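Reading through the C-alpha cells given below for one structure.
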Amino acid sequence: MIKRKKLGQHFLNSQIIAEKITNEAKISKKDVVFELGTGLGILTPLLCKNSKKVISIEVDEDLFKEAKKNFSKIPNLTIKFGDGINSNDKFDIFVSNLPYSKSKKILEWLATITFSHGVIMVQREFAEKLLTKSNKKRRAINVIANYSFEIQNILKVGKKNFSPNPKVDSIILKISKKQSMEKEIIEIINNIFSYRRKKISNIVKQFGKEKQTDQRLDDLSTEEIVELAKEIRPK
C-alpha cells in the first residue's frame with residue numbers, strides 16, 4: 001500500500017469503518033459533500049450514494065489519477081487535484097481522514113468557513129487535545145475548535161484498520177458548525193497561547209494593550225479567550 005510520507009497519511013482499509021463514517025455524516029440528496037483526501041477511495045463511492053454531489057480533492061498526483069480512472073462513471077462525483085484548504089468550493093458536509101501533520105491547520109480552516117457538519121478521523125492524541133475539559137491541558141486549537149464546533153466523540157479506530165499501520169489509534173469525531181471565526185482572531189489566539197504562563201495583564205502588553213486583571217488563561221472560558229482576542233486585535 002502507498003503511504004504519503006510527507007503528509008503522515010495512512011489509508012483506511014476497513015469497509016465497516018468506512019460505512020460507519022458515511023452513516024454518521026447523515027447525507028441527504030440535498031447535500032453537497034466535500035471529501036478532503038480521496039486517498040485510495042474507500043469512502044468516495046459511499047459518499048456519492050445518498051448525496052446531491054461529492055467534491056473529492058486529492059493532493060497526491062498519482063492517487064488523483066488513479067481515482068479519476070476508478071470512479072469516472074459516478075455521475076455526481078467531481079474529483080479535483082490540489083490542496084483542499086485552498087478550495088473555494090461551497091459544501092454542506094465535510095468528511096476526511098485528516099493527515100496527522102495537517103490536522104490543526106485543517107481545523108483552523110474549517111473554523112473560518114460556513115458548512116453544516118462533518119465527520120473527521122484524527123489521531124487519538126489530537127482528539128484528546130480537542131476534547132479535554134481541563135483548562136490546564138487546553139491549547140489554542142481546543143479553544144478555536146470548541147468555539148466553532150460542537151464536537152462529539154463517535155468511535156475509537158485501532159491502528160490495524162489502516163495501511164500502513166500507524167503507531168497510534170485514531171478517533172472518529174463528528175463536528176457541527178456553531179459559528180465561524182476570522183483568520184485574524186485564530187492567529188491572535190495562537191499567539192496568546194505562546195504566553196500562556198503569563199498573567200492576562202502581561203499578555204495584552206505584548207499586543208500594545210492594557211488590562212487590569214490578575215487572571216491567567218487557565219481562569220478563562222473558551223468564549224472569554226475569544227473575546228480577549230477580539231479586544232486586543234489591532235484596530
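Summary table
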{"quantity": "Considering only the chain, percent of DSSP beta bridges that pair antiparallel, nearest 5", "calculated": "50 percent"}
{"quantity": "Partners for residue 160 among aspartates and glutamates (Cα-Cα distance below 19 Å; same-chain residues under 8 apart left out)", "calculated": "19, 125, 169"}
{"quantity": "Loop-located trypsin sites (Lys or Arg not before Pro) in segment 1-105 whose Cβ has at most 12 other Cβ within 10 Å (DSSP)", "calculated": "29, 30, 73, 90"}
{"quantity": "Dimensions (Å) - segment 83-122, Cα atoms, principal axes, largest first", "calculated": "24, 19, 15"}
{"quantity": "Over segment 97-216: Rg over Rh, Cα atoms, Kirkwood Rh", "calculated": "1.03"}
{"quantity": "Three-way shape label, the chain, alpha-carbon gyration tensor, a/c 1.5", "calculated": "prolate"}
{"quantity": "Amide hydrogen neighbours beyond the local backbone of residue 81, cut-off 5 Å, H modeled", "calculated": "58"}
{"quantity": "Net +/- balance of residues flanking residue 46 in space, Cβ distance below 14 Å, scoring K and R +1, D and E -1", "calculated": "-1"}
{"quantity": "Pairwise centroid distance, computed over Cα atoms, of segment 70-135 with segment 43-62, Å", "calculated": "12 Å"}
{"quantity": "Cα gyration tensor category, rounded, prolate or oblate, for segment 185-232 with a/c compared to 1.5", "calculated": "rounded"}
{"quantity": "Gyration tensor verdict on segment 24-111 (Cα atoms; rounded if a/c is under 1.5, prolate if a/b is larger than b/c, oblate otherwise)", "calculated": "oblate"}
{"quantity": "Estimated FRET transfer efficiency (residue 112, residue 73; beta-carbon r; R0 35 Å; 0.05)", "calculated": "0.50"}
{"quantity": "Theoretical ellipticity at 222 nm over the chain - DSSP helices of four or more residues, -39500 (n - 2.57) apiece, nearest 500", "calculated": "-9500 deg cm²/dmol"}
{"quantity": "Which listed pairs, of 133/159; 104/199; 90/205, have C-alpha distances above 32 Å, in listed order", "calculated": "90/205"}
{"quantity": "Distant-in-sequence amide H partners of residue 97 (H built 1.01 Å from N, under 5 Å)", "calculated": "121"}
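Quick note: the coordinates plus some simple rules give every number you see, no bench work behind them. In this text, all values refer to a predicted model and were calculated from it rather than measured experimentally. Don't worry about glycine lacking a Cβ; one is built from the backbone with ideal geometry, like all the others, and counts go over all protein chains shown.
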